[in-house]
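The numbers here are math on the coordinates, done by the rules we state, and not lab data. As the structure is a computational prediction, the values presented were derived from the model and not from experiment. All Cβ positions, glycine included, derive from the backbone under ideal geometry; neighbour counts span all protein chains shown.
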Amino acid sequence: MSLANLAAPLVKLGDTALYVVTDLGYMGVFLFSSLTGLFKKPFRLREVVKQLRFIGAGSIGVIFFTALASGMVLGLQGYYSLNKFGAEGMLGSAVSLTLIMELGPILTALMVTGRAGSAMCAEIGIMRISEQIDALECMAVDPFRYLISPKLLAALISVPLLTAIFDVVGIFGGYLAGVQLMGVNSGSFFSGMQRSVTNHDIWLGVVKSFVFALLLVWICTGRGYFVQQIRGAGFGAESVSKVTTQAVVLSSISVLIFDYLLTAVLL
């Protein structure tokens, strides 16, 4: 075996490491430019309102049904588990804490990523391959302030509000399953929830929702913005489709990883 064949795995490893580091550098600069674009004039309030309608109002339906189903499943499974120990009165506490601290922020972020994040990635990717972003730069228009920052601001507003809707609807679903279907006392359900849920628990869910909103917009728009520089993406429409899939997967994984990190640090 020649020396070149022996060194090939090391060369491939080094090439991959350089690509990852370079990609992280591009994404870091992208995030910084997007955040600074929030404070540059003129502010695109009309575009922010448009994105609020798309990201926020447009996601209420899927959030509502996901929350209702999740809450009812938690109510049924919680009743089944707590009934073994004669602690059905703690059902309200179990359902509310699970939704407010974990499932609410996570499932909201995943639903918004699948519905709005993929669309944002495809939109920016198509603008990149069709040279619309290059045209903006030629006209001395900041593409970050013009395209990315309104989406980021809208997501930072919408996702926490959607998370709050998810929590309320999910708790109502747990109430339907536990109290109306399984016969748990409604007074013990709500009193257990009132005793157990603290301001710290609520703020933990709020912080998570803000971080998840930042992550999903950053990754989805960033993948679309750098679509021509991503290894193995291909060309044209094929590259946009592959990058959109990659963006949704990376966003979902990042949400789950940061959920653990935030829980470990803030809990």
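See the values below:
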quantity: Whole-Hz ³J(HN,Hα) from phi, Karplus 6.51 cos²θ - 1.76 cosθ + 1.60, for region 86-96, glycine and proline x; calculated: x, 10, 4, x, 8, 4, x, 5, 5, 5, 5
quantity: Straight-distance crosslink candidates among lysines, where the alpha carbon sits under 26 Å from residue 41 and sequence neighbours closer than 8 are dropped; calculated: 50, 151
quantity: Top positive-direction residue, dipole computed over the chain with Cβ charges, set 150, 8, 42; calculated: 42
quantity: The chain, helix-only ellipticity at 222 nm - DSSP H runs n ≥ 4, -39,500 (n - 2.57), divided by all residues, nearest 500; calculated: -25000 deg cm²/dmol
quantity: Top of 177, 213, 87 by mean-square fluctuation, Gaussian network on the chain, Cα under 10 Å; calculated: 87
quantity: Integer Hz, Karplus 6.51/-1.76/1.60 couplings in order for region 178-188, x for Gly and Pro; calculated: x, 8, 6, 8, 9, x, 5, 5, 5, x, 5
quantity: Size of charge dipole - region 188-267 - debye, nearest 20, with Cβ of Lys, Arg +1 and Asp, Glu -1, no other charges; calculated: 80
quantity: Given charges at beta-carbon only (K, R positive; D, E negative), |dipole| of region 64-211 in Debye; calculated: 380
quantity: Karplus-derived 3J(HN,Hα), 6.51/-1.76/1.60, for each residue of region 202-217, Hz, glycine and proline x; calculated: 5, 5, 4, x, 5, 4, 4, 5, 5, 5, 5, 4, 4, 5, 5, 6
quantity: Cα centroid of region 14-30 to Cα centroid of region 197-229, whole Å; calculated: 21
quantity: Fully extended contour minus Cα-Cα distance, from residue 146 to residue 203, at 0.36 nm per residue; calculated: 17.4 nm
quantity: Neighbour net charge for residue 120 - beta-carbon separation under 12 angstrom, K R +1, D E -1; calculated: +2
